[in-house]
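Asks: Here you go, one structure.
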C-alpha cells in the first residue's frame, strides 16, 4: 500500500465527464464487494469527508493538495494483485511456470498422464502418479506425457519410498533418468535413499559462481526431522558411495555438498493417503522456521521454498496457506474427482457426495506390517473397517494356519471372496515376476506370507476403485482428505458441482483467483474497511 506525503492531502474524485463506473458510490456494501473483486486494478481506500466512512474506488483520478468539492480523502492505494503473485516469485522462475500451484502425484496413475498434460499446457506444474504402478505402466505413462508436450513444458513424476521393494524404487529412478524426467515428487520417505540422492545430484554443474541443477526434488514431508534431511546437503558417506558405484561423478558429489538436496519442501498436513494428520497452521510455520535456521547455518545463496498441502479444497484455505508464508500450494484430494483423474466414474461419484467428516484412517497397502495408515473415504465403502480387521488379525496371529476357523471363514466370505489359499497362489505369482525375494521370504516365514496375502486385498482395493469394479464397490479404497468435503460444499450450486465439469485447470484457476480476492479483502479489512462477509465466499466461475 502507498500513502500520501504527510505534508499534503491526497484526494480522489471521478474523472470529470466520465460515464463509466468511476462515479459509482463505493461506500455501498455491494459496490465495495465489486471493487474488491477487481484485483488486477489498483484500488484506493477512501474516507468520506462527511461522516468518516471508509470506501473504495477503482480508476478515477488522484489529486494532491487542498480538498476540492466532491473529492474524497485517500487513506491509501493498494496496487494490483494477481493470482500469479500469491507465492514466492522464485518458484515460477525456477520451474518455468506461471502459477505457484502444483497438482500432486496421486498414486496408481490417479494423477494421470491426461492431468499432467492439461496442467502443463496451462503453465502449471503437475506430477504423474507413478507410485504403485509397474515399470511397464510407468513407462507408458511417461511416453504418453512426452508425446503430447514439448520440452518447454514443465512437469514431473512421483518417486515413492518403497521399503519392501528397494529394487523397484531403483529401477523407477533409472527410468526417470533415462527418459529425461527433470522433477520428482519424493513421497513417503522416512529416511534418505541412494535413489532420491542420485536423481537430485545427477547433472549438477557450475556456471560462473552458480551451481546449476538439471533435476529438482519436491519432498513431501510432515515431520521436521524428515524435512531436515532434504533441507541439508546429502550425507557425505552416501555421496561417496554413489561415486564409488559410478552413479555420480566426483564433481557432482562435490557440488551436492554445497546445496540442499531439495529446494522445494512441501508441508503435508491433513491430506488424503499417507498423512500424519498434522494441522497446517502448526506444521507450516514449524518447517518455515526450520528452513530459515538451516539456510542461515549453511549460508545458502538461493531460495529454499516451503509449500503447503493438505486441506486445501477452497479459496479460503489456499489464501490461508499463502498468508502463513507458503511459497506454493499443492492440491491432491480435489483433483481425484476431475475428468482427467484416473479414478473410475463410480469412485468419482462417491467423492462428489463426501463431506469433510467422511474420511477415516486405514492400514496402508505398502507399509502394512509397520502399522502405517492412510486417510481414505469412509462414506459409501467398508474398506477401512475390513482393512482394520486384517491388521488386527495380522498382529494377533503368527500365520494363516493359526487363524481360527470361524475367523478364516469370515475373511474368505466377507473380504477376499475366495479361499485364502487361492489368494496366496495369486500373490506368489505376482511377486515371482515383480520381486521374487518376497516369495522366498514368505515360504520361510509364515507371518510374512500372511502379510502378503492381506496386502493383496489392500492393493486390489485401490485398483477396484480405478477400474470401477461394480462387484467390489464396497471395497473401494479411495485416498481422500477433508479438503474433498470442503470442496463439495464450496462448489455446490456452481458449474463445478457437476462431475463432468470438474476440470483440473478450472479448479486450480478458481482456487487461485478466489484466494487472491480473499487476500485483497483481508488486506483492506486490516486497514479499517468494513468488508462485506460475502466476499469471503468466492463463487466458482469459468476462468482462463
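What follows draws every value from the coordinates through simple rules; no lab data is involved. Keep in mind the model is a prediction, meaning the values are calculated, not measured. In this analysis, Cβ positions are derived from the backbone assuming ideal geometry, glycine residues included, and neighbour counts consider all displayed protein chains.
Asks: Using a Förster radius of 35 Å, what is the FRET efficiency between residue 211 and residue 292 based on their Cβ-Cβ separation? Nearest 0.05, please.
Replies: It comes to 0.95.
Asks: Tell me, 526, 201 in order of fewest to most beta-carbon neighbours within 10 Å? Working shown, then result.
Replies: On the way: 526 10, 201 28.
Listed from fewest to most nearby Cβ atoms, that is 526, 201.
Asks: Under 8 Å for C-alpha pairs, at least 6 residues apart: give me the relative contact order for the stretch 349-475, rounded to a whole percent.
Replies: 26 percent.
Asks: For a quick check: sort 542, 305 by the number of other beta carbons within 10 angstrom, fewest at the front. Write out the running numbers ahead of the final one.
Replies: Numbers: 542 12, 305 22.
So the ranking, lowest neighbour count to highest, is 542, 305.
Asks: Measuring from label point to label point, each 7 Å out along Cα→Cβ, what is the residue 64 to residue 178 span in nm?
Replies: 6.7
Asks: How far is helix 446-467 tilted, in degrees, relative to the longest principal axis of the Cα atoms in the chain, given as a value from 0 to 90 rounded to the nearest 10?
Replies: 40
Asks: First measure r as the distance between the Cβ atoms of residue 80 and residue 167, then evaluate 1/(1 + (r/R0)^6) with R0 = 45 Å and state the FRET efficiency to the nearest 0.05.
Replies: The value I calculate is 0.30.
Asks: Relative to the longest principal Cα axis of the chain, at what angle does helix 280-298 sit, 0 to 90 degrees, rounded to 10?
Replies: 90
Asks: Rounded to the nearest 500 deg cm²/dmol, what is the calculated helix-only ellipticity per residue at 222 nm for the chain, with -39500 (n - 2.57) per DSSP H run of length n ≥ 4?
Replies: Helix-only estimate at 222 nm: -12500 deg cm²/dmol.
Asks: Go through 114-124, 275-285 and give me the packing order, highest mean Cβ count within 10 Å leading.
Replies: Numbers: 114-124: 21.9, 275-285: 17.3.
Going by the mean number of other Cβ atoms within 10 Å, highest first, we get 114-124, 275-285.
Asks: Hey, another quick one. Send over the per residue convex hull volume for the stretch 84-340, Cα only, as a whole number of Å³.
Replies: Output value, Cα hull per residue: 120 Å³.
Asks: Write down the percent of antiparallel bridges among all DSSP beta bridges whose residues are both part of the stretch 84-340, to the nearest 5. Mind dumping the intermediate values first?
Replies: Details: 3 of 30 bridges.
Beta bridges within the stretch 84-340, antiparallel portion: roughly 10 percent.
Asks: Evaluate the Kirkwood expression for the hydrodynamic radius of the stretch 349-475, namely the inverse of the mean inverse distance over all pairs of different C-alpha atoms, and round to one decimal in Å.
Replies: After inverting the pairwise mean of 1/r, the radius is 15.2 Å.
Asks: Can you list, largest first and rounded to whole Å, the semi-axes you get for the chain by taking the square root of 5 times each eigenvalue of its Cα gyration tensor?
Replies: So the three semi-axes of the chain are 49, 29, 19 Å.
Asks: Quote the relative contact order of the chain in percent (integer), defining contacts as alpha-carbon pairs under 8 Å separated by 6+ residues.
Replies: Result for the chain is 14 percent.
Asks: Peptides 248-256, 166-174: what's the order by average Cβ count within 10 Å, highest mean first? Working shown, then result.
Replies: Details: 248-256: 18.7, 166-174: 17.1.
So the peptides 248-256, 166-174, ranked by packing, come out 248-256, 166-174.
Asks: Consider all pairwise Cα distances in the stretch 181-273 and report the whole-number % of them above 16 Å.
Replies: The share of Cα pairs beyond 16 Å in the stretch 181-273 comes to 51 percent.
Asks: Between residue 429 and residue 361, what's the calculated FRET efficiency when r is the beta-carbon distance and R0 is 45 Å? Round to 0.05.
Replies: 0.90
Asks: Show me 287-297, 350-360, 511-521 ranked by packing, highest mean number of other Cβ atoms within 10 Å first.
Replies: Averaged packing, sorted descending, gives the order 511-521, 350-360, 287-297.
Asks: Please report the antiparallel percentage of DSSP beta bridges with both residues in the chain, rounded to the nearest 5.
Replies: Details: 27 of 54 bridges.
Within the chain, antiparallel bridges account for around 50 percent of the total.
Asks: Further, regarding this structure: I need 191, 348 ordered by Cβ neighbour count within 10 Å, fewest first.
Replies: Fewest to most other Cβ atoms nearby, the residues stand as 191, 348.
Asks: I've got another one for you. Tell me, in nm to one decimal, what length is gained between residue 417 and residue 530 on full extension, where the rule is 0.36 nm per residue of separation less the Cα-Cα distance? Write down the numbers at each step before the final one.
Replies: Details: separation 113, 0.36 × 113 = 40.68 nm, distance 6.16 nm.
Extra length available between residue 417 and residue 530 comes to 34.5 nm.
Asks: Another question, if that's okay. Just to confirm the number: angle between the C-alpha axis of helix 420-434 and the first principal axis of the chain, 0 to 90 degrees, nearest 10?
Replies: 70
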